[in-house]
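See structure below.
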Amino acid sequence: MKTDLRHFLEAQGFYRIPLQKLATGHYKCEVFVNKVPGVFIIDTGASSSCIGAAQAKKFNLQQEESEIKAAGAGAINMHTQLARSNQLRIGDKSIRNVEVVIFDLTHVNQALAQAEEGNVDGILGADLLKKHRAVIDYGRNVLYLK
């Protein structure tokens, strides 16, 4: 019997999350953070999941100082803060006690604007993707999380 990826993963308890491909080649999806909707890009190269400093209040994040310095997308040594114990919902998948890094995502949104794409509120990084055994089906523009 032939089984496709979707049926195989769903039978294993994975949640299917449709993605939208951007002109930059990134994927984005809707993520609810503390029950507030936002737009996040999927970035397997980002070590930590992040939310833009300008969106911290929008998502009711309790910020605390961090020793972590962020780098990426042409920016280095950026000041960060942490927000612990957040609730995320991605599609039908709910995740509790999520820690996110808060830092300035202006450089990310400027790069997206150059490609005529809208702003994002955050980044789903390798920490969350690895923990929830992410599988990205590039052929069908779908993310699976367990």
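The values are calculated or read from the model by the stated rules, or taken from the named source; none is laboratory data. Note that this is a predicted model, so its numbers are computed, not measured. With ideal geometry, Cβ positions are generated from the backbone for all residues, glycine too; neighbour counts draw on all protein chains shown. We work out accessible area using only protein heavy atoms, side chains counted, and drop any ligands, DNA or RNA first. Shrake-Rupley method; radii C 1.70, N 1.55, O 1.52, S 1.80 Å.
Summary table below
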{"quantity": "Candidate values (i) 18.2, 58; (ii) 14.1, 43; (iii) 15.4, 54, label of the one derived for Rg and Dmax of the Cα atoms in Å", "calculated": "(iii)"}
{"quantity": "Tail beyond 20 Å, pair distance distribution of the range 73-137 (Cα, percent)", "calculated": "41 percent"}
{"quantity": "Above-threshold pairs, the threshold being 21 Å between Cα atoms, out of LYS58/LYS146; LYS28/LYS130; LYS93/LYS131", "calculated": "LYS58/LYS146"}
{"quantity": "For the range 74-146 versus the range 39-68, the gap between their alpha-carbon centres in whole angstrom", "calculated": "8 Å"}
{"quantity": "Phi-based couplings in Hz for the range 58-65 (Karplus 6.51, -1.76, 1.60; Gly and Pro marked x)", "calculated": "3, 9, 6, 7, 8, 8, 9, 5"}
{"quantity": "Cα-based shape type of the range 1-46, given that a ≥ b ≥ c are square roots of the gyration tensor eigenvalues and the cut on a/c is 1.5", "calculated": "oblate"}
{"quantity": "Dipole magnitude of the chain, debye to nearest 20 (Cβ charges: Lys/Arg +1, Asp/Glu -1, about Cα centre)", "calculated": "580 debye"}
{"quantity": "Accessible-area ranking of TYR138, TYR15, TYR144, largest first, probe 1.4 Å", "calculated": "TYR138, TYR15, TYR144"}
